[in-house]
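First up is the structure itself, then whatever we jot down about it.
The values are calculated or read from the model by the stated rules, or taken from the named source; none is laboratory data. Because the structure is predicted, anything quoted here is derived from the model rather than measured. We place every Cβ from the backbone using ideal geometry, glycine too, and count neighbours over all the protein chains shown. Surface accessibility is based on the protein's heavy atoms, side chains included, excluding ligands, DNA and RNA. Shrake-Rupley method; radii C 1.70, N 1.55, O 1.52, S 1.80 Å.
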Amino acid sequence: MVTHHSIDYIELGAPDVAAAKAFYAAAFGWEFTDYGPDYAGIRRAEGDDEMGGLNGERAGGAGGPLVLLRSDDLAAAEQAVRDAGGTISTAPYAYPGGHRFMFTDLAGNELGVYQPE
């Protein structure tokens, strides 16, 4: 159930939707719903609805809203990003409450992955 006024959907610029789908599937196991060559919905792990999308009509790049992905194994997530072709932009570091790193995907979108303590 989505709570009123809560963040419900994140859309990433993905000039090459097929490459973005391959990256996120390899790095995080995401699955997608295709809506043509220029858009793919990002399916939630639980249920059939979506949590976001890859938009081929938007340029990727850093500087937009920061999207953070939760992980139970930060080191494995970092390696999966590297193996999928992503770039670690900020090495893992501690912050009050956990650890996180930042990465850029193939389109230049910058996201973070965190592991709470």
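On the basis of the beta-carbon distance and an R0 of 22 Å, Arg82 and Ala45 show a calculated FRET efficiency of 0.50.
Have a look at Gly85, Gly64, Gly56 and tell me which one the Gaussian network model of the chain (Cα, springs below 10 Å) gives the largest fluctuation. Taking springs between Cα atoms under 10 Å, the residue moving most is Gly64. Could you tell me which trypsin sites (Lys or Arg not before Pro) in region 43-76 are loop residues by DSSP with no more than 12 other beta carbons within 10 angstrom of their beta carbon? Filter output for region 43-76: empty list. Ordering Thr87, Val17, Ala59 by the projection of their Cα atoms onto the charge dipole of the chain, which places +1 on the Cβ of Lys and Arg and -1 on the Cβ of Asp and Glu, puts Thr87 at the extreme positive end.
Apply the a/c threshold of 1.5 to the C-alpha gyration tensor of region 1-82 and tell me whether it is rounded, prolate or oblate. Taking the square roots of the gyration eigenvalues as a ≥ b ≥ c, region 1-82 is rounded.
Put a plus charge on the Cβ of each Lys and Arg, a minus charge on the Cβ of each Asp and Glu, and nothing anywhere else: the dipole of the chain about its Cα centre is then about 300 debye.
GNM remark for the chain: springs join alpha carbons under 10 Å apart, and the peak mean-square fluctuation among Leu12, Leu66, Leu106 falls on Leu66. Here region 1-71 exposes an accessible surface that is 53 percent carbon and sulfur, computed with a 1.4 Å probe and the other protein chains kept in place. Modelled spin labels at Ala62 and Ile10, positioned 7 Å past Cα toward Cβ, are 1.6 nm from each other.
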